[in-house]
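A short write-up of the structure that comes next.
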Amino acid sequence: MKNNQPSVQELKDLYEAATEFYKTGCWNWMWDTDIFGVQNPVTGEIGYCCIMGRGGQHYGLAVYLGTGGLNGYLNIQSGKINMSSPDALHIQNCLMASFEDKGFLSEEDLQVIKGLGLKFKGKNAYPQFRNYEPGYYPWYLNGEEAKYLTVVLKQVIDVALRFKTNPKMLTSPDKNQYLVRTPVEGENGLMWEDKWLEPAPEEKTEIGAEPVDTKRLEKIKKKMPERQGIWEMDFFYSPQPIKEEKDDKPYFPFMVLWVEHYSGAVLNFNLIKPAEFAHEIREQFLKFAESAESLPQKIMVKKEEAVKLLEPITSGLGIHLKKVGIMAALEKAQIHLYEYFNK
């Protein structure tokens, strides 16, 4: 498990809350579209709760973290992101409490259950807890996450039982508002109340990259003054995670693929750590340009992030950079690449 593991008491509290949640069977009267929030008493962030199991396949609770997590959920629900798409895993930012068959649990899960002296029996009866973070393999909870999920499970029970007798309680009085359980300090400790709140503005992470070395661009231009052909470029998460150290959280590297537009020939391919992406995608493109026999007239990309990162280089080299929706040659190469990695 990762650093800052939950204490024994935190794990006991979490499994107890999950067991009580399981006993309610609230998926029998709630759908995964009955969304409401629970505010984190420590950070103030709101987790948006989705109860799963009405369809009889996957039982549990997903807590989508913040407005970014909520928007990921909404994109999946609306069909903007297809659940069968490789991107579906990386759009989810949530804590998950699910109930699985024993054979689905990891050895670490089973050791925790045994160590706590707990016993579960039957189909979909074993609690499992995971953090789903974009770019990372679903992983074990740390102490803070375990404490927050425990709080959420207790508040979800409260809302679910009230919803059973009042199915309209989650119907928003105003557009884009959600019922949120918010903590209030009382004489006898923390108390909870309902509030109707709009999600906070989503905080977008700006792509940061150092300035481009203009002298380096001039050397490339002098070496290759002519421009011909079209290249296609895209980046996407690898279907297979990487774990570098024993206690590290496994991550999915970005696969960066360059393809010749007309022939479909793969020109270049790299794996990049997500944390090093902004620097590495530029550096690898410059190395590729320095070693190439010729440079294209045009480069086509799909993502706005690629435009922001490559435009300072392509403009300096006299290459037209264009954002497009479909790149047939690259998409075909991507399918073959996925097939290779999935073998």
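Throughout, read-outs are computed from the coordinates displayed, never taken from laboratory work. All values reported here derive from a predicted model rather than from experimental measurement. Positions of Cβ are generated from backbone atoms using ideal geometry, with glycine treated the same way; all protein chains shown enter the neighbour counts.
Residue ranges 56-65, 327-336, 147-156 sort as 147-156, 56-65, 327-336 when ordered by packing (mean number of other C-beta atoms within 10 Å per residue, highest first).
What's the whole-number percent of alpha carbon pairs in the range 243-339 lying beyond 15 angstrom? The share of Cα pairs beyond 15 Å in the range 243-339 comes to 66 percent.
Return one number: the angle in degrees, 0 to 90 and rounded to the nearest 10, between the long axis of the Cα atoms of helix 277-291 and the longest principal axis of the Cα atoms of the chain. With both axes taken from Cα atoms, the answer is about 20 degrees. In the chain, the calculated helix contribution to ellipticity at 222 nm averages -11000 deg cm²/dmol per residue, counting -39,500 (n - 2.57) for every DSSP H run with n ≥ 4. Taking the charge dipole of the chain about its Cα centre, with +1 at Lys and Arg Cβ atoms and -1 at Asp and Glu Cβ atoms, the residue from GLY66, ILE35, ILE281 reaching farthest to the positive side is ILE281. Between MET233, MET96, MET191, the GNM of the chain built on Cα springs shorter than 10 angstrom shows MET191 fluctuating the most. When the chymotrypsin sites (Phe, Trp or Tyr not before Pro) in the range 189-272 are filtered for DSSP coil states and for at most 13 other beta-carbon atoms within 10 Å of their beta-carbon, the remaining sites are TYR262. Of the peptides 30-40, 214-224, the ranking by mean beta-carbon count within 10 Å, highest at the top, reads 30-40, 214-224. Packing, as the average of other Cβ atoms within 10 Å across residues, places the peptides 67-78, 311-322 in the order 67-78, 311-322, highest first. Rounded to the nearest 5, the antiparallel percentage of DSSP beta bridges internal to the range 214-342 is 60%. Computed about its Cα centre, the charge dipole of the chain is approximately 780 debye, with only Lys, Arg, Asp and Glu carrying charge at their Cβ. What angle do you read, to the nearest 10 degrees and between 0 and 90, between the alpha-carbon axis of helix 66-77 and the longest principal axis of the chain? Its long axis makes an angle of about 80 degrees.
Taking a straight Cα-Cα cut-off under 18 Å and skipping sequence neighbours fewer than 8 places away in the same chain, the lysines within cross-link reach of LYS249 are LYS2, LYS273.
Model label sites at LEU161 and ALA292, defined 7 Å from Cα along the beta-carbon direction, differ in position by 6.5 nm.
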